[in-house]
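**Q** I'd like to ask you about the structure that follows.
The values are calculated or read from the model by the stated rules, or taken from the named source; none is laboratory data. Values in this document were obtained by computation on a predicted structure and should not be read as measured data. For neighbour counting, all protein chains shown are included, and Cβ atoms are generated from backbone atoms with ideal geometry for every residue, glycine included. Surface areas here come from the heavy atoms of the whole protein model, side chains and all, with no ligands, DNA or RNA. Shrake-Rupley method; radii C 1.70, N 1.55, O 1.52, S 1.80 Å.
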Amino acid sequence: MAAMGELNALPGTDVSDSSFSANWELADGAITHRLDVAIDESFNTFVSGYEDLNVGNATTWLVDGLASGVTYFYRIRALF
């Protein structure tokens with residue numbers, strides 16, 4: 001079974017009313033990376049389409065279709 005570990009996400013960039021770019025550094029030896037976006041810091045309420053999203057070995061991902069005036073949180077996890 002593969003192990004998963006949470007990484008330190010880098011600050012979001014290209015922020016607009018309905019999108020932002022999530023950024024992170026690759027984890028050495030990771031098979032793939034998973035992105036979560038939520039409206040709470042505890043990640044209890046995920047944004048539709050952004051729960052455990054397989055983003056491969058990208059280092060940035062455009063998160064779009066967001067509502068204006070809402071604070072969003074993201075985290076990136078590596079699958080080893």
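**Q** Mean-square fluctuation check for the chain, GNM, Cα pairs under 10 Å: which of Thr32, Thr59, Thr45 is largest?
**A** Thr45
**Q** Sticking with this structure for a sec: Using Cα springs under 10 Å in a Gaussian network model of the chain, which residue among Asp17, Asp36, Asp64 shows the largest mean-square fluctuation?
**A** Asp17
**Q** Just need the Rg to Rh number for the chain, please, alpha carbons only, Kirkwood Rh.
**A** In the chain, Rg relative to Rh is 0.96.
**Q** Oh, and also: Run the numbers for Ser18 and Ser48: contour at 0.36 nm per residue of separation, minus the present Cα-Cα distance, in nm.
**A** 9.4 nm
**Q** Right, another one. Tell me the carbon and sulfur percent of the accessible area for the chain, rounded to whole percent, probe radius 1.4 Å.
**A** Whole-percent figure for carbon plus sulfur exposure: 49.
**Q** Further question on the same structure: What distance in nm separates the two pseudo spin-label positions at Glu41 and Thr60, each 7 Å out from Cα along the beta-carbon direction?
**A** That separation, rounded to one decimal, is 2.7 nm.
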